[in-house]
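Quick notes on the structure that follows.
The values are calculated or read from the model by the stated rules, or taken from the named source; none is laboratory data. This structure is a prediction, so every number in the text was calculated from the model and none was measured. A quick note on method: Cβ atoms are made from the backbone with ideal geometry, for glycine too, and the neighbour counts reach across all protein chains shown.
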Amino acid sequence: MNSKWDVSGTIKNNKNKVRKAVYAAYSFLRRTDVLTALKIKFINSVLLPIGCYGGEKFGMSEARCKPIKSEIDKAIRMVANVGKSAAMERIRDELGITSVFMRTSTARERAYHKWPTSKTWIADLIKAPMKARMVTWLQPLGKSPIYDDRPVHTDADQLWQIFYTFEFQRSPVGTNWKTPWG
């Protein structure tokens, strides 16, 4: 991680390491005389742990996991001998390979519940997160706004409810905006 607490460096590093591992095992993955079960074990035991290393910091975001997922999907395509138009989700299910997103999300949720009991700085960070946390790994797990108790019927109602639960402090005329019902 860099000094801004950004996880993009970790994601790029993991993607490059997975790519190198796939290139190193290219002849193994393309061979027809090797059992498919061995190739699947290789993906599950080598490629996925390399790609998911540090997943506690970038999990729960499919967009962040996508570069790593695409590299592992290339290896799965080699093993399954399919093209780019194949449905990768179904192939992963058939071969018994979990997705990168699910593994990193599980690791992140586990870390969020486990790390507050550790005696390191990460426990303090989880218990009292920073105020400006736009690019930190804690941002999606932080406190969400308190919503109104009104029943939500449509998407428009839900957006209206989310938009107006916040009190806007800056307005064009300098007054505070309040919700129309309160």
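Things worth noting here:
- Filter result for the condition that a residue is at pLDDT 95 or above and of a type outside the set (Gly, Ala, Ser), over Ile97, Ile11: Ile97
- Ile50 vs. criteria without any contact (Cβ under 8 Å) to a residue 60 or more places away in the chain and closer than 21 Å to Asp93 by Cα: yes
- Residues being small (Gly, Ala, Ser) and either modelled with pLDDT under 80 or in contact with a Ser or Thr (Cβ under 9 Å, 6 or more places away or on another chain) (or both) - total across the stretch 106-136: 3
- Any hit, the stretch 58-68, residues being crowded, with 18+ Cβ neighbours inside 10 Å and at pLDDT 95 or above: yes
- Residues located in the stretch 28-56, provided they are among the acidic types (Asp, Glu) and within 21 Å of Ala111 (Cβ to Cβ): Glu56
- Candidate set from the stretch 75-95 (those that are loosely packed, with under 14 Cβ neighbours inside 10 Å and charged (D, E, K, R)); member that is farthest from Lys114 (Cα to Cα): Lys84
- Taking the criterion of being modelled with pLDDT of 95 or more, under 16 Å from the mean Cα position of the chain (by Cα) and surrounded by fewer than 18 Cβ atoms within 10 Å (Cβ to Cβ), the only residue of the stretch 14-57 that qualifies is Pro49.
- In the stretch 28-47, residue farthest from Asp93 (Cα to Cα) [restricted to those that are touching a Phe, Trp or Tyr at 6+ places or on another chain (Cβ under 8 Å) and of a type outside the set (A, V, I, L, M)]: Phe28
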